[in-house]
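The values are calculated or read from the model by the stated rules, or taken from the named source; none is laboratory data. What you see is a predicted model; the values in this text were computed from it and never measured. Using ideal geometry, Cβ is built from the backbone for each residue, glycine included, and neighbour counts are taken over all protein chains shown.
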Amino acid sequence: MAEIILKNITKEYENGFQAVKNINLEIKDNEFVILVGPSGCGKSTTLRMIAGLEDISDGDLLIDGEKVNDVAPQHRDIAMVFQNYALYPHMTVYQNIAYSLKLKKVPKNEIDERVKSVAKSLGLEELLDRRPGQLSGGQKQRVAMGRAIIRQPKAFLMDEPLSNLDAKLRGQMRVEIADLYQRLNTTFIYVTHDQTEAMTLGTKIVVMKDGEIQQIDNPTNLFNYPVNKFVAGFIGTPTMNFFDSECFEENGKVYLKTANGKIELTEEKANKVKEGNWIGKKVIAGIRPEHVMLSDAEHCAFEGEVNVFELLGSNAIVYIDTPDGRIVMNTPHVKRHEHGEKIYLSVLEEKLHIFDPETERVITN
């Protein structure tokens, strides 16, 4: 179990490129922290600095209060699971899992007991005599996790461990990793570009972009209260709808202007708009597809034509082309809408987000 603190951590390469820029992050004991963001955002570099596989250019890395910037990876008491499994192909599953204990000269009977215990917990008991080439992707990943678990480290670091698996297997492995976290009761730091993994696994999510942390929060707050347009657009599937608008006041109420209508703001959001002096100014508005609904011509915010209809069983995703741009609706009402069909939409006003068009920071949270 470990508390890991990053203080003003920077990673700069010889060519001057900064992959990570002065980040600060506190990872408490037993937390499951997800580093998430698009390719090249610095999340894997951050994880590799924690592991000791990348040098830290500036700042301090503390594990349980001890500065470990110059401590070798093998002496940090952490275990890493890679996306490419990194198994020894000539060794059996048993030998791969046991390898770290063998290097430490742990007695053979203790190695045997611990290997079999870990194998049982991961459903690998029948595979101990096989070699990696005889295993499926999911089995290989379980072996890689078994090799990490048997060391009983202070923390587990996982770098996109599910990215090589198909969609169904990824779903199964997510459940297995969540179960593993509950059973091991230790610190997990997990890197992914898949926000579905982030939202379903993490107790704390760190959203990164261009080497900088954009927001740190739990999944619920991240979804409902994004601090800027990037976080709002990155978290959620399908992604949030954005449209250019203008705030205006009429008969004591505050509205957002749309091409075909208007959206009345809640009292709370209207007050934020007034306090920020946004009346009469251009803004960027955002609404999640889950909060877009069918309406009628008189009360609609958007009017458009159906472009694509995706039936997903219990719900449907509808892509509508409007004068305000494409609006996506995620609806539990699965009545089919045909291509070119005219459609009217309204939104849940309390779920609306409004952003500063220059800074892209939210102004209504």
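Among the candidates LEU47, LEU61, which residue alone is at pLDDT 95 or above and not in a helix (DSSP H, G or I)?
LEU61
Consider GLY261 carefully, then state whether it is surrounded by 15 or more Cβ atoms within 10 Å (Cβ to Cβ) and either within 30 Å of LYS21 (Cβ to Cβ) or in contact with a Pro (Cβ under 8 Å, 6 or more places away or on another chain) (or both).
no
Name the pairs whose Cβ atoms lie under 9 Å apart, with the first residue in segment 167-188 and in the same structural domain as ILE205 (by TED's automatic domain parsing) and in contact (Cβ under 8 Å) with a residue 12 or more places away in the chain, the second surrounded by fewer than 17 Cβ atoms within 10 Å (Cβ to Cβ) and assigned to a helix (DSSP H, G or I), and 6 or more positions between them or separate chains?
LEU169/GLY137; ARG170/THR196; ARG174/THR196; ARG174/THR200; ALA178/THR200
PRO332 passes all but one of (1) modelled with pLDDT of 95 or more; (2) more than 13 Å from PHE242 (Cα to Cα); (3) not acidic (Asp, Glu); which number fails?
Among (1) modelled with pLDDT of 95 or more; (2) more than 13 Å from PHE242 (Cα to Cα); (3) not acidic (Asp, Glu), PRO332 violates only (1).
Out of everything in segment 274-302 that is within 22 Å of PHE223 (Cβ to Cβ) and small (Gly, Ala, Ser), what residue ends up being surrounded by the most Cβ atoms within 10 Å (Cβ to Cβ)? Step through it out loud before you land on a result.
Pass one, segment 274-302, residues within 22 Å of PHE223 (Cβ to Cβ): 283-293, 301.
Imposing the further condition that a residue be small (Gly, Ala, Ser) reduces the set to 285-286, 301.
On the way: ALA285: 25, GLY286: 22, ALA301: 30.
Only one residue tops the list, namely ALA301.
How many residues, within segment 103-123, are surrounded by fewer than 10 Cβ atoms within 10 Å (Cβ to Cβ) and either outside the structural domain of ILE149 (by TED's automatic domain parsing) or on the phi < 0 side of the Ramachandran plot (or both)? Show your work before the answer.
Here is the first cut: in segment 103-123, the residues surrounded by fewer than 10 Cβ atoms within 10 Å (Cβ to Cβ) are 103-105, 107, 109.
Checking which are either outside the structural domain of ILE149 (by TED's automatic domain parsing) or on the phi < 0 side of the Ramachandran plot (or both) leaves us with 103-104, 107, 109.
Adding up the residues that qualify gives 4.
Taking segment 197-215 as the region of interest, how many residues are surrounded by fewer than 17 Cβ atoms within 10 Å (Cβ to Cβ) and either among the charged types (D, E, K, R) or outside any loop (DSSP other than H, G, I, E, B) (or both)?
Residues meeting the conditions: 3.
If only one of ASN15, ASN8 is on the phi > 0 side of the Ramachandran plot and loosely packed, with under 14 Cβ neighbours inside 10 Å, which one is it?
Values: ASN15 fails: on the phi > 0 side of the Ramachandran plot.
Exactly one of ASN15, ASN8 is on the phi > 0 side of the Ramachandran plot and loosely packed, with under 14 Cβ neighbours inside 10 Å, namely ASN8.
Identify the residue in segment 225-239 that is crowded, with 22+ Cβ neighbours inside 10 Å and outside any helix (DSSP H, G or I) and, among all such residues, is modelled with the highest pLDDT. Give the derivation first.
So in segment 225-239, the residues crowded, with 22+ Cβ neighbours inside 10 Å come out as 226, 231-232, 234-235.
From what's left, outside any helix (DSSP H, G or I): 226, 235.
Numbers: PRO226: 97, ILE235: 94.
It comes out as PRO226.
Only one of LEU122, LEU103 is modelled with pLDDT under 90 and more than 18 Å from ASN164 (Cβ to Cβ); which?
Values: LEU122 fails: more than 18 Å from ASN164 (Cβ to Cβ).
Of the residues listed, the single one that is modelled with pLDDT under 90 and more than 18 Å from ASN164 (Cβ to Cβ) is LEU103.
Can you name the number of the only condition in (1) in contact with a Lys or Arg (Cβ under 6 Å, 6 or more places away or on another chain); (2) not in a loop (DSSP other than H, G, I, E, B) that THR364 fails?
(2)
With the condition kept exactly as written, say whether any residue in segment 65-77 is acidic (Asp, Glu) and surrounded by fewer than 14 Cβ atoms within 10 Å (Cβ to Cβ).
Checked segment 65-77: at least one residue is acidic (Asp, Glu) and surrounded by fewer than 14 Cβ atoms within 10 Å (Cβ to Cβ).
Please pick out the residue among LEU222, LEU256, LEU180 that is within 22 Å of ASN330 (Cβ to Cβ) and assigned to a helix (DSSP H, G or I).
So the residue among LEU222, LEU256, LEU180 that is within 22 Å of ASN330 (Cβ to Cβ) and assigned to a helix (DSSP H, G or I) is LEU222.
Taking the criterion of being surrounded by fewer than 19 Cβ atoms within 10 Å (Cβ to Cβ), modelled with pLDDT of 95 or more and part of a loop (DSSP other than H, G, I, E, B), would at least one residue in segment 303-311 satisfy it?
no
Check segment 77-84 and report whether any residue there is in the same structural domain as SER44 (by TED's automatic domain parsing), among the polar types (S, T, N, Q) and assigned to a loop (DSSP other than H, G, I, E, B). Can you show your working first?
Initially, segment 77-84 is screened for residues in the same structural domain as SER44 (by TED's automatic domain parsing), giving 77-84.
Then keep just the ones that are among the polar types (S, T, N, Q); that gives 83-84.
With the extra rule that they be assigned to a loop (DSSP other than H, G, I, E, B), the set shrinks to 83-84.
Yes, there is a match, as at least one residue in segment 77-84 is in the same structural domain as SER44 (by TED's automatic domain parsing), among the polar types (S, T, N, Q) and assigned to a loop (DSSP other than H, G, I, E, B).
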